[in-house]
Amino acid sequence: MDDIYIKKVKNGDVEAFRYFIRQYQHMAFSVALSVVKDEFLAEEVVQEAFINAFNKITSFKGQSKFSTWLYKIVINKAFRSVEKEKKWTFSEVDENGPVEYEDSLDKMGKDERVFYINETLKLLPAKESLSLRLFYLKEMSMDEIKEVTGWSLSNVKVILHRARKRFYGEINTMLKGEVKSIL
């Protein structure tokens, strides 16, 4: 379906680009939020990315999926925005091993689970948060993540490994505090 709309936009049908906005706006926002950690800034990044994609669609060669091309634009804009805003966040790695409150996520309702997962992802460094979102939420393969981000395959694996470890440490800390506040 993307190919049809790409041809329409390339042939001057400006309104056809709305298809891409409707189709990819939520995941583009999620990807941007992974990097910039601020909802308003993520919205700005996504808007700029869509404008850039529209302006550069004639350069899209179809060698990858349109979504891959678009997410790469979003990621690049997001990292540039972070550099510009100087909002890099790094947290310490929790070396305590597996999460003792991991079962707590299974006992929660879907909305509550989504809340804790998103709050935890905000605490992670941009690359780690992005890798988890792409791998688990977008269900991209490691090769697709490599293509979208420009990282080497071994770097993707290392970042995912560190991200999982840090995620479990952060969610453990967050849920431990939550359990204490409930009791």
Quick one: Cα centre-to-centre distance for region 138-152 and region 1-77, in angstrom?
-> 17
Nearest 0.05, what FRET efficiency do Asn11 and Asn76 give at R0 = 30 Å with Cβ-Cβ as r?
-> 0.65
Projected label distance in nm at Phe54 and Tyr136, using a 7 Å step from Cα toward the beta-carbon | 3.5
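With respect to the cross-link table entries Lys56/Lys122; Lys10/Lys77; Lys77/Lys157; Lys10/Lys138; Lys10/Lys65, which display a Cα-Cα separation exceeding 25 Å?
Lys56/Lys122; Lys10/Lys138
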Ranked order, Phe29, Phe115 - accessible area, probe 1.4 Å, largest first | Phe115, Phe29
For 35-48, 13-26, 153-166, ranked highest to lowest by mean beta-carbon neighbours within 10 Å, the order is 35-48, 153-166, 13-26
Sort Asp111, Asp143 from largest to smallest accessible area, using a 1.4 Å probe on the heavy atoms of the protein chains.
-> Asp111, Asp143
Relative to the present Cα-Cα distance, how much length would full extension add between Phe115 and Asp143 at 0.36 nm per residue of separation?
-> 7.2 nm
Once label points are set 7 Å from the Cα along Cα→Cβ at both Glu44 and Val158, what is their separation, rounded to one decimal in nm?
-> 3.2
What distance in nm separates the simple spin-label points at Asp3 and His26, each placed 7 Å from Cα in the Cβ direction?
-> 2.6
Quickly rank 63-69, 146-152 as a protection proxy: mean count of other C-beta atoms within 10 Å, highest first.
-> 146-152, 63-69
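The values are calculated or read from the model by the stated rules, or taken from the named source; none is laboratory data. Not measured: the values here are computed from a predicted model. As a convention, Cβ positions derive from the backbone with ideal geometry for all residues, glycine included, and neighbour counts pool all protein chains shown. With ligands, DNA and RNA removed, areas are computed over all heavy atoms of the protein, side chains included. Shrake-Rupley method; radii C 1.70, N 1.55, O 1.52, S 1.80 Å.
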